[in-house]
1. Can you give me the number of residues within region 59-83 that are surrounded by fewer than 14 Cβ atoms within 10 Å (Cβ to Cβ), of a type outside the set (A, V, I, L, M) and over 58 Å from the mean Cα position of the chain (by Cα)?
2. Restricting the search to region 228-267, which residues are within 18 Å of Q54 (Cα to Cα) and either without any contact (Cβ under 8 Å) to a residue 60 or more places away in the chain or among the charged types (D, E, K, R) (or both)?
3. What single numbered condition from (1) free of Cβ contacts under 8 Å to residues at least 60 places away in the same chain; (2) assigned to a strand (DSSP E or B); (3) within 28 Å of V193 (Cβ to Cβ) fails to hold for A121?
4. Just wondering, is there one or more residues in region 267-275 that are more than 44 Å from the chain's Cα centre (by Cα) and among the acidic types (D, E)?
5. Surrounded by 13 or more Cβ atoms within 10 Å (Cβ to Cβ), under 44 Å from the mean Cα position of the chain (by Cα) and basic (K, R): is that true of R309 in this structure?
6. Name the one entry in S248, S233, S277 that is assigned to a loop (DSSP other than H, G, I, E, B) and among the hydroxyl-bearing types (S, T, Y).
7. Please state which one of R102, R122 is surrounded by 14 or more Cβ atoms within 10 Å (Cβ to Cβ), farther than 30 Å from S248 by Cβ and touching a Gly at 6+ places or on another chain (Cβ under 7 Å).
8. Helices (runs of 4 or more DSSP H) wholly in region 391-507 with at least 2 residues that are closer than 24 Å to I552 by Cβ and modelled with pLDDT of 85 or more - which ones?
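The values are calculated or read from the model by the stated rules, or taken from the named source; none is laboratory data. Please read all numbers here as calculations on a predicted model, not as lab measurements. Positions of Cβ are backbone-derived with ideal geometry, glycine not excepted, and every protein chain shown enters the neighbour counts.
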Amino acid sequence: MFLRARLTRRLVLAFVFVALVPLGILAVFGPRLVRRHFETLSAERIRSVHGAVQRDLDLRRETARLRIETLAASPEIVRLLLLARETGEPQIELIDDLVERRIASDLDWLEVADDSGFVLARGHDRGTFGFSVREDPLVAAARTGQSMAAVVALAAPDSGLALLAAAPVVFAEEVVGVVRGGDVLDRSFVTHVHTLSGAQVAVLLTDGRVMASSLPQDATAALARAVVASPDSARRVTAGGVPYRVASLPLAGPSTAPVGRLAVGVSEADLDRTLASLLRLLGAAAMIGLFVALGVALVMAERLSRPVRALALAAQRVAHGDLAIRLPPGPNDEVGDLMAAFNAMAVDLGQSRERLVRGERQSAWAQVARRLAHEIKNPLTPILLAIEEVERARARGDQDLDETIARAARTTRTEVRTIRQLVDEFGDFARSPAPRPEPVDVHELLDQAADLYAPSTVAVERDYDPAGGSIVADPALLARAFGNLVKNACEAMEGRGTLTLSTRRSGDEITVICADSGPGVASGDRDRIFAPYFTTKTEGTGLGLAIVRRVIEDHGGRLDLEGATAGENDGGPGACFVVRLPAGEG
């Protein structure tokens, strides 16, 4: 009954969900789509404003450069500059001429400097001259004979940003002075851009200080903070109670690095009003649809709950491994088709599981057989050669036949021991006996492994935890595992080097570390080092570390390869195998 009620509730919820999907999608994604559309429009408008402003700036820059080059080429300017250089004193005539030329050229800003960068006259401020501007990048370029135009931050006695151009005054192929002039990016400029684009505009320095704006002071401050926080992306801010989408355009200086930014804000008040109206409409539609869908869902859920409940119970049994379960014939509709498909699926799963188990078993035995045949073939070759040598010696009647037979016997015994060792290793890996735990001292097992497998040319260093190494484990299996680790380490060092055995006890776990000074494990082999039959040696079955890992995991522990990979350090980083075992109660 509980399952049926739960299934009915789920079906009711499912039908309600299906019925409300269109309204839900509209309610969830409608406002987002509208907002995204408005944001896209805002972004396009900002891009349009940026493009218009950029084109206007480029036009102003080119116009300023041409006007300044025209002024610099004026014979009267050349004459007055040469006169000023001869007398060494500012010329009132030059100042008056520059004032008239600024007005005639419709420029906000105009000045003339001599060839050393010393200002001789200013057309926009006739009473200020007699200071050096040689460090200005535009003036510096003009002094080398190049004309340049860019947005610059005005230095004292001026302030703010201006779009200036500078051109050399040349006489007899010699630069005798510099003419610099252009337009200031002030209130008239932002008013022009505001009129051009319909957006709110502010001219900012790179540190966020406002030079000119089409907004009131408090609203301008909000735009400036948004630009400083995200200079390269658009942000939504509220300024003067009106939401804006704000982005900025970098004002590149002579070195292409920005000396300021032009903040552009597009109002999103229409977006907010549209979203509010849409949400109210969608909310009312969703409530009506909810009640209609709920009534329909209650009726449909009752009809479907019984066969679906049977299908759910059968699926649970299949999930627990009962592939013999079958459902009775269902109604003549989609649910009945689903129940028939479930029965067919259960049959297919049962057959697939049988085929998979049979295939895995055959594949495993085939792999073992191939590996065992390969490993046994190696020692059989010297045995066959030894027998053939004895036969040849006997056929020749060699006097040292007995010595030949003895040598062949030694070879045969050695290779037979190798075959026996191979068979034992394969047998150990296949049997995987269950551990027989008893109190054992890890330190004693490590000492035994070092005594048995470490040759005298290998220096064994021990660093055991003073708290002791008593645990509860199978001593025979652990001894075999530690022996394999020590043997592998000594073989990796080719019988020469330092083997470090250490232990650390921490709470209910004891850690055993077996580290060698050999060449280490290559990075490409670290993921396969514990795989059965994998080996980097010319001899061996590749089962040693696989057996060690199985023994450790059968004891509830973990075996890991840690430390650097081969080739990372000069002299060989060595391999470091870390065994973590539960301490138990020793």
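1. 2
2. Correct list: P231, D232, S233, V246, S248, P250, T256, A257, P258, R261.
3. Of everything listed in (1) free of Cβ contacts under 8 Å to residues at least 60 places away in the same chain; (2) assigned to a strand (DSSP E or B); (3) within 28 Å of V193 (Cβ to Cβ), A121 misses just condition (3).
4. The answer is no; no qualifying residue exists.
5. No; evaluated as a whole, the condition is false for this residue.
6. S233
7. When all the criteria are applied, what remains is R102.
8. Of the helices (runs of 4 or more DSSP H) lying wholly inside region 391-507, those with at least 2 residues that are closer than 24 Å to I552 by Cβ and modelled with pLDDT of 85 or more span 442-453, 475-492.
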